[in-house]
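Just below is one structure, and these are the notes that go with it.
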Amino acid sequence: MKIIYEPVSFELKNEKAIIELLKNDFRNSFIAATAQYKSLLADLPHKNKGVILGCRVSAVKKFKGDSIVFVGDGVFHALMLKKEFRDRKVFILNPFNLNVKEVFEEDVRKFDFREAVSLDYLKRAVKVGIILSSKSGQFSLDNALRIKEKLENDGKKVYLFLFDNVNPDEFMNFKGIDCLVNTACPRIGMDDYKKFPVPVVNANIIL
């Protein structure tokens, strides 16, 4: 069976209002968005704009201005932008309610602290689950097996969990797991970590 992956495109009822807001308040900013909002980017008059693919923020690297606006409803991509471009102002524009929020250095420090706490949980864990996703671009069996070997060498019992869509509620059925390592989209460990019954560590910080 051949599987074809196509990005989902959102039709925004308030697209005109979004464009006006960006034109008036962020005329000289870089406007970033995921592929779902590619049509919105195409309609913007801004010269500096681009699509962020997964965790890669390379579209922004050549921009020399002092502010970046991420159009979306999560903090994952905006945090990635702030971590990469510490000297720029980074804003999140929620396309559904038009709320604008700045991402500060303090937000990055809080995230780094939470990562450190989760990593400490992992070090003390006895049973660890490794999350894999079969989605295109997210499946990372090699990384999962490397982490499994590393953790087993540290004396831990390790279990692999393969999903299409990662569902945090599924882990309620697996009592005794002390910590999870996420090898799928890092957004799971940044935006969705509160939905899991145990701490979640993104694979990139332990590889």
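The values are calculated or read from the model by the stated rules, or taken from the named source; none is laboratory data. The model shown is predicted, which means the values in this text are computed figures rather than measured ones. With ideal geometry, Cβ positions are generated from the backbone for all residues, glycine too; neighbour counts draw on all protein chains shown.
When the strands (runs of 3 or more DSSP E) confined to the stretch 85-143 are screened for residues that are of a type in the set (A, V, I, L, M), exposed (fewer than 15 other Cβ atoms within 10 Å of the Cβ) and at pLDDT 95 or above, those reaching at least 1 such residues are found at 100-103.
Whenever a residue of the stretch 95-122 is in contact (Cβ under 8 Å) with a residue 12 or more places away in the chain and small (Gly, Ala, Ser), its partners that are surrounded by 13 or more Cβ atoms within 10 Å (Cβ to Cβ) and not in a loop (DSSP other than H, G, I, E, B), lying with C-beta atoms within less than 6 angstrom and at least six residues away or across chains, give the pairs Ser118/Val201. For the stretch 142-177, residues that are polar (S, T, N, Q) and touching a residue at least 12 places away in the same chain (Cβ under 8 Å) total 2. For the stretch 39-60, a residue qualifies if it is modelled with pLDDT of 90 or more and of a type outside the set (A, V, I, L, M, F, W, C), and the qualifying residues are Ser39, Asp43, Pro45, His46, Lys47, Asn48, Lys49, Gly50.
Per this entry, Asn165 is not counted among residues that are exposed (fewer than 14 other Cβ atoms within 10 Å of the Cβ) and under 19 Å from Leu79 (Cβ atoms).
Of the residues making up the stretch 53-72, those that are over 19 Å from Glu15 (Cβ atoms) and not small (Gly, Ala, Ser) are Leu53, Cys55, Arg56, Val57, Val60, Lys61, Lys62, Phe63, Lys64, Asp66, Ile68.
Scanning the stretch 64-84 for residues that are at pLDDT 95 or above, surrounded by fewer than 24 Cβ atoms within 10 Å (Cβ to Cβ) and aromatic (Phe, Trp, Tyr) turns up nothing.
Scanning the stretch 168-207 for residues that are among the polar types (S, T, N, Q), outside any strand (DSSP E or B) and either closer than 15 Å to Asn143 by Cβ or touching a strand residue (DSSP E or B) at 6+ places or on another chain (Cβ under 6 Å) (or both) returns Thr183, Asn204.
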